Amino acid sequence: MLRRLSSLGLSIALTLTGCATNPVTGGRDFVLMSEEQEIELGRDFHPRMLEQTPVYENEAVQQRVKEIGQRLAENSHRSDLDYTFTVLDSPDVNAFALPGGYVYITRGIMAYFNSEAELAGVLGHEIGHVTARHGVQRHSAETASSLLGALLIAGTGAGAGAAELFQTAQLAAIRGYGREQELQADRLGAEYLARSGYDSEEMLDVVGVLADQEQYAMQQARDEGREPSGYHGLFSTHPENDARLQEVVRAARKHQAENPRTASRAEYVRLIEGMPFGPSADQGTVVAHQFLHLGLDASVQAPRGWTIVNQPQRLIFQGPDDAAMLVATIGQAEGQPARELLAERLDGAETSDARTIDVGPYDGFTAVTMARTQIGPRQLRHVVIRKGEHAWFFTGLARERGAMREFDDDFLEIATSLDRLAPAQRKQAQPLEIVGYDPESGDTYEALAEPVADRLDDAVAQLRLLNGDWPDGQPEPGHPIKLLR
């Protein structure tokens, strides 16, 4: 029986396998799509990406990133691709690429660079993922494992439990780019830097800058009891402690021009001057356990021990130890009372504890309507508040079955804290912007951070991270830095 299943798996694998020559290595890759299909995949997903995260509306920044990216792409292993480079209006520290030559970088990661060469290093890294077809390889592995796993499970007569176990194992094996692919992307990025006239050693500098940022973000996440987020790759290890990274980057020196481009710090600071740091006015911000949004003229408070995660499409309130969660989304009220909005939201679902309460004499608010629904053994708390022409929908869930009563008061406290911005909150909701500054003798980050200390957690550390001086560096005269105002 084992031999029979192995033969079945082999025949399926042979049927599914498409072999193509890798543009970088010249070897044969397991892929399930042609280059034309790869390009079509990226083209199809590009508009969806921009729907999820908008473009950063700064023509000078977009154009400069495009120019740098195209120069690198022209010196890559797939210079014939029609590349697209886009800066996203996101505070996240991230950059990524879709198959077919679609490369994205956030303004959030650009804030931490201190030269054009460092920006080019990350763009080169992402181009490396495209040229080595890492996205295509991952897509092919996921497709093949899904089809092969389903057929093998069907052949053994295994139940749903075995199917879930198989899928979990497959996901664990193929999720994300592995260390070898990230290292290859770093090697390619360094090579493309050198071929484009930059110093390939800048790849080590940008890795160091982002390693500092990631370590700080992990420290913050631990303090707040949440999962850290950051840019993928080898940035969790300092370059001086990663011999393989040093080796692959320095191997690119054979492609180096005699006189590489000067990495002008002042020029780069001028490029990003005025760029928002953190959420923009359209995205809202989290300050001292409260969500503030200028455009919506709204504030929402979190109870002590809760954290707020501000995402593009939703606002998430996480309870202590992730024991409960309340998700808020916003829609158009279109003149309907809250009770009707809730009924439409629940779409005929059976409810309990449905009631309307008075939340106070707030101008522009209607009464709060709430109800519970049942999904299997779990209860969900739903709250709808209409504020002007907007409807705020809150949905709460406890992690443990039967724990709804423990958190129901917190859910209602959060939802009914919705209010207009007070004058002090309006000031706090103003987005911070990056400004350039030429340090003078005696300047310290402690003193330079004072103007934003009440608006930014750990402002001193943030300034050091922005300028590559974390954890204890100080500004130096003649060395332009970035401040926040």
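The values are calculated or read from the model by the stated rules, or taken from the named source; none is laboratory data. Nothing here was measured: the structure is a model prediction, and the numbers come from that model. Reconstructed Cβ throughout: ideal geometry from the backbone, glycine too, with neighbour counts over all protein chains shown. Accessible surface areas use protein heavy atoms only, side chains included; no ligands, DNA or RNA. Shrake-Rupley method; radii C 1.70, N 1.55, O 1.52, S 1.80 Å.
Overview of values
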item	result
Accessible-area order (highest first, 1.4 angstrom probe) of the listed residues ARG355, ARG253	ARG253, ARG355
At most 15 other Cβ within 10 Å, DSSP loop - GluC sites (Glu not before Pro), segment 15-82	GLU57
Gain in span if fully extended, ALA422 to ASN22, counting 0.36 nm per residue against the direct Cα distance	138.1 nm
Segment 353-485, accessible area per residue, ligands and nucleic acids excluded (1.4 Å, Å²)	49 Å²
Within segment 395-420, backbone nitrogen closer than 15 Å to the virtual label 7 Å beyond the Cα of ALA323 toward Cβ	397-411
Those trypsin sites (Lys or Arg not before Pro) in segment 368-402 that DSSP places in a loop and that have at most 10 other beta carbons within 10 Å	ARG401
Per-pair calculated FRET efficiency, R0 = 45 Å: ASP409 and ALA257 via Cβ, rounded to 0.05	0.10
Accessible-area composition of segment 330-485, carbon plus sulfur, in percent [1.4 Å probe]	46 percent
Gyration tensor verdict on segment 41-129 (Cα atoms; rounded if a/c is under 1.5, prolate if a/b is larger than b/c, oblate otherwise)	oblate
Net lengthening on full extension, ALA354/HIS46 (0.36 nm per residue, minus Cα-Cα)	106.6 nm
Simple spin-label estimate for ASP82 and GLU344 in nanometres, 7 Å along Cα-Cβ	4.0 nm
Inter-site label distance for GLU389 and GLU334 at 7 Å from Cα along Cβ, in nm	1.4 nm
Gap separating the Cα centres of segment 467-485 and segment 287-333, nearest whole Å	33 Å
Full-extension gain in nm, HIS289 to GLU273, via 0.36 nm per residue minus C-alpha separation	2.9 nm
For LYS66, solvent-accessible area (1.4 Å; no DNA, RNA or ligand), Å²	100 Å²
Spatially proximal lysines relative to LYS387 (Cα-Cα < 23 Å; intrachain offsets below 8 disregarded)	LYS427
